[in-house]
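**Q** Quick one: structure below, then a few questions.
The values are calculated or read from the model by the stated rules, or taken from the named source; none is laboratory data. Values in this document were obtained by computation on a predicted structure and should not be read as measured data. Every residue, glycine as well, gets a Cβ built from its backbone with ideal geometry; the counts of neighbours run over all protein chains shown. Keep in mind that these areas ignore ligands, DNA and RNA; they rest on the heavy atoms of the full protein, side chains included. Shrake-Rupley method; radii C 1.70, N 1.55, O 1.52, S 1.80 Å.
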Amino acid sequence: MGFVFSKSVNDSLKAQQEFMLMNSRLQLERQLLMQNQMRERQTAMQIAWTREFLKYFGAFFGLAAAGLTAGAIKKKNPGLLLPIVPLSFIFAYQYDMGYGTLLQRMKG
């Protein structure tokens, strides 16, 4: 009689352990999926912010480039064109971040 009782308890315990193992695996998979979704949302938000920033910075860069070029021609001083160089690097970086493949290259 005791053998039958202990066998059913052992079977029940094994079934419960298998259920707990399956449940923990399922929970881990769900956590990984949620983390991936959050990472994708964060990346999408960063790209959207960069594209919005690029609109304003592009307008500033265009006006600055036109103004500095006009000033350099008017005053016959090519040194006025120097600020365009770092501004163009910033513009190129922001463009690559918003519309290029910078994020894919960073992941790689």
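**Q** Suppose we keep only residues that are in contact with a helix residue (DSSP H, G or I) (Cβ under 8 Å, 6 or more places away or on another chain) and open to solvent by less than 60 Å² (accessible area, probe 1.4 Å) within segment 50-67. Which one would you say is farthest from G79 (Cα to Cα)?
**A** So the residue we want is T50.
**Q** Please count how many residues of segment 97-108 are part of a helix (DSSP H, G or I) and open to solvent by less than 40 Å² (accessible area, probe 1.4 Å). Can you show your working first?
**A** Start the filter on segment 97-108 by keeping residues that are part of a helix (DSSP H, G or I), which leaves 97-99, 102-107.
In the following step, the residues that additionally are open to solvent by less than 40 Å² (accessible area, probe 1.4 Å) were identified as 97-98, 102-103.
Going through segment 97-108 one residue at a time, the tally reaches 4.
**Q** Continuing with the same structure: Can you tell me which residue among I90, I73, I84 is open to solvent by 100 Å² or more (accessible area, probe 1.4 Å) and β-branched (V, I, T)?
**A** Numbers: I90 fails: open to solvent by 100 Å² or more (accessible area, probe 1.4 Å); I84 fails: open to solvent by 100 Å² or more (accessible area, probe 1.4 Å).
Among I90, I73, I84, only I73 is open to solvent by 100 Å² or more (accessible area, probe 1.4 Å) and β-branched (V, I, T).
**Q** Name the residue, out of M34, M45, M22, M38, that is part of a helix (DSSP H, G or I) and closer than 14 Å to M97 by Cβ.
**A** Just a single option satisfies the conditions, and that option is M45.
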